[in-house]
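The values are calculated or read from the model by the stated rules, or taken from the named source; none is laboratory data. From a predicted model like this one, the values you see are computed outputs, not experimental measurements. Glycine also receives a Cβ, built like all others from the backbone with ideal geometry; neighbour counts cover every protein chain displayed.
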Amino acid sequence: MKNTENIDILKKYFNFLITNLNFKIKEVRSLNYALYAKFISNNVGIYFSYEFRDFIPHIQITKIDTEDLKERPGLYTIKELYKDNNFKLQSFYLDEILSFQAQNEYKSYFQNIKTIEDAIKISSELLETYAIDYLKGNDFNFTELDKWFKEEIRMH
Amino acid sequence: MDSANEAAGGAASRLGQAGKAAWLGRAAEAGMNTPEKSIVIGEGMTKRIKPAARSIGAKWYQAWSKNFPEDGVLMTDEQLEIALARNSRWFYSKINQGYKIYDIGPKGLNITSPFYQLERDIIEKTGYPTTPLIGF
């Protein structure tokens, strides 16, 4: 399969971001081992990261002021950042949104996938079903998720 | 359990706690004496592991090209098992050689990579020391 075909698959299943929510594709990078993409609206950025050997795509949703969308640092770094009481996390992964909403575990949806297309399709459906308020940049949702996330880190 | 496990973590568990501590101590000591011998583990190869490893001159696990999908088809369960066994052998070999292990951690609250999960399981089983690496 040519790498461009994976881009076509991504565009097919994530088209709702563009047609319904005014996102645009800022960047797509397709490799033989991974697919990366950035979608940007006027106040939200989505970083799609799929390293195929891990089976499951990561979708990071970030409240942004500019189009400068960066990948969120990992958990250990966020723990350090939370030591500053004024720090407010504005970037979350789809699997964290599902956990916050007490849905089934994100990876459980991918147990029977066979192809890259299967995984991309499922991830787009979960994004559209469970993260629509975040995709619209609703401040309240990001604030509530930040509080929950901070508590989760404190408990663990 | 594969042969590498038998040679490393498996051996540690057979030694009992005292033997395990001594074995781990030797391995850790070897790592401290040769600080250039280090690896980085975590989730996110391109944007996290590679930059972290390069920033400290460490190595990282090179994914097997056989893991890469052909015609858009992901690994079967059997292929995944083989790939994980290869990762396991590599990881145990680094432990046996006393490499210092830097851990940049998961991307978020949940580990989703079976390869990183495997490495964390081995660390848990062996008690081999790791160093959290912040900033990635």
Would you please list the contacts, defined by Cβ atoms under 9 Å and residues six or more apart or on different chains, that run from a residue in the range B:107-122 that is at pLDDT below 90 to a residue that is among the polar types (S, T, N, Q)? B:ASN110/A:SER99
Collect the residues in the range A:14-45 that are outside any strand (DSSP E or B), over 22 Å from A:ASP65 (Cα atoms) and either within 14 Å of the chain's Cα centre (by Cα) or of a type in the set (Val, Ile, Thr) (or both), keeping them in residue-number order. A:PHE14
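Could you list, in sequence order, all residues of the range A:96-120 that are within 19 Å of B:THR76 (Cα to Cα) and surrounded by 15 or more Cβ atoms within 10 Å (Cβ to Cβ)? Steps first, answer last, please.
From the range A:96-120, those within 19 Å of B:THR76 (Cα to Cα) are A:107-120; that's our starting set.
Once the filter is applied, which keeps residues that are within 19 Å of B:THR76 (Cα to Cα) and surrounded by 15 or more Cβ atoms within 10 Å (Cβ to Cβ), the range A:96-120 yields A:LYS107, A:TYR109, A:PHE110, A:ILE113, A:THR115, A:ILE116, A:GLU117, A:ASP118, A:ALA119, A:ILE120.
Return a yes/no flag: does the range A:117-130 have any residue that is at pLDDT 95 or above and part of a loop (DSSP other than H, G, I, E, B). Lay out the reasoning, then the answer.
So the first thing to find is which residues in the range A:117-130 are at pLDDT 95 or above, and the list is A:117-130.
Checking the rest, the ones that are also part of a loop (DSSP other than H, G, I, E, B) come to none.
There is no residue in the range A:117-130 that is at pLDDT 95 or above and part of a loop (DSSP other than H, G, I, E, B).
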Residue identified as within 12 Å of chain B (Cβ to nearest Cβ) and touching a residue at least 60 places away in the same chain (Cβ under 8 Å) among A:ILE97, A:ILE116: A:ILE116
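Out of all the residues in the range A:10-31, which are of a type in the set (Ser, Thr, Tyr) and touching a Leu at 6+ places or on another chain (Cβ under 9 Å)?
Start the filter on the range A:10-31 by keeping residues that are of a type in the set (Ser, Thr, Tyr), which leaves A:13, A:19, A:30.
Result: A:SER30, single match.
Suppose we filter A:GLU71, A:GLU80 for residues that are without any contact (Cβ under 8 Å) to a residue 60 or more places away in the chain, acidic (Asp, Glu), within 12 Å of another protein chain (Cβ to nearest Cβ) and surrounded by fewer than 19 Cβ atoms within 10 Å (Cβ to Cβ); which single one remains? Give the derivation first.
Values: A:GLU71 fails: surrounded by fewer than 19 Cβ atoms within 10 Å (Cβ to Cβ).
Every option except A:GLU80 fails the conditions.
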Breaking point among (1) within 14 Å of chain B (Cβ to nearest Cβ); (2) touching a residue at least 40 places away in the same chain (Cβ under 8 Å), for A:GLU27: (2)
Return the residue satisfying two criteria in turn: it lies in the range B:60-81 and is more than 9 Å from every other protein chain (Cβ to nearest Cβ) and loosely packed, with under 14 Cβ neighbours inside 10 Å, and of such residues it is nearest to A:THR115 (Cα to Cα). B:ASP77
Residues satisfying the stated conditions in the range B:99-136, i.e. more than 12 Å from chain A (Cβ to nearest Cβ), crowded, with 20+ Cβ neighbours inside 10 Å and in a loop (DSSP other than H, G, I, E, B): B:TYR99, B:TYR128
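Do any helices (runs of 4 or more DSSP H) entirely within the range B:1-96 hold 1 or more residues that are at pLDDT 90 or above, and if so, which?
Values: elements: B:3-7, B:9-33, B:50-56, B:77-96.
Because the criterion is at least 1 residues that are at pLDDT 90 or above, the helices (runs of 4 or more DSSP H) in the range B:1-96 that meet it are B:50-56, B:77-96.
With A:ILE56, A:ILE9 as the choices, which residue is touching a residue at least 60 places away in the same chain (Cβ under 8 Å), in contact with a Ser or Thr (Cβ under 7 Å, 6 or more places away or on another chain), among the aliphatic types (A, V, I, L, M) and within 12 Å of chain B (Cβ to nearest Cβ)?
Going through A:ILE56, A:ILE9 in turn, the sole match is A:ILE56.
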